[in-house]
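Structure first, then comments.
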Amino acid sequence: MKFCYCPECKDLQPTAWYRRKVCKRCGGECRIISVPIYYYGMAMYALSAVGAFLVAAELFRYDLGLGDLRLYLMFGSLIAAMVFAAFESARAYDIARKRLGNDL
Ligand SMILES: [Zn+2]
C-alpha cells in the first residue's frame, strides 16, 4: 500500500499507484511512503479472487455443485475481503505514521 504524505498540510492519505504524487488538498508534491502488504492484504486478495470467481460462475450459470452454499460463500468471501481490506489499511496507515515519526 502506498501513502502520500504532504509536508505542507501534514496530511497522510492512502494513494493509488495510478495517481500522481500530488497532494489532494494543496496540489503540492508529497512524499510517498510504501508499506508492504501483510497477511491481511493477502487474505483480502485471496478472498476477493474467490468471491469474483463465484460471481463469475453465477453470471455464466456455471454449476459448481455447491447448491445454495455458493451464495453464502459468495457474500461471505466478499464481506470478509472488505473486513480484511479495512484491517490492512488500518495497519498500513499505522506503519506509515510511525515511519514518519516526528515529521507529523
Ligand atoms: Zn498538501
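Rule-based calculations on the coordinates, nothing more; no lab input. Source: prediction; values computed, not measured. All Cβ positions, even for glycine, are placed from backbone atoms using ideal geometry, and neighbour counts span all protein chains on display.
Numbers at a glance
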| item | result |
| --- | --- |
| Residues that are in contact (Cβ under 8 Å) with a residue 60 or more places away in the chain and either of a type in the set (Gly, Ala, Ser) or outside any helix (DSSP H, G or I) (or both), drawn from region 65-96 | SER89, ALA92, ALA96 |
| Failed criterion for ALA46 (all others in (1) touching a residue at least 40 places away in the same chain (Cβ under 8 Å); (2) more than 10 Å from the ligand (Cβ to nearest atom) hold) | (1) |
| Yes/no for PRO14 being under 14 Å from ALA96 (Cβ atoms) and more than 16 Å from the ligand (Cβ to nearest atom) | no |
| Hits in region 13-44 (condition: farther than 16 Å from GLU88 by Cβ and of a type in the set (Val, Ile, Thr)) | VAL22, ILE32 |
| Residue match in region 19-41 (condition: surrounded by 13 or more Cβ atoms within 10 Å (Cβ to Cβ), assigned to a helix (DSSP H, G or I), more than 14 Å from the chain's Cα centre (by Cα) and aromatic (Phe, Trp, Tyr)) | no |
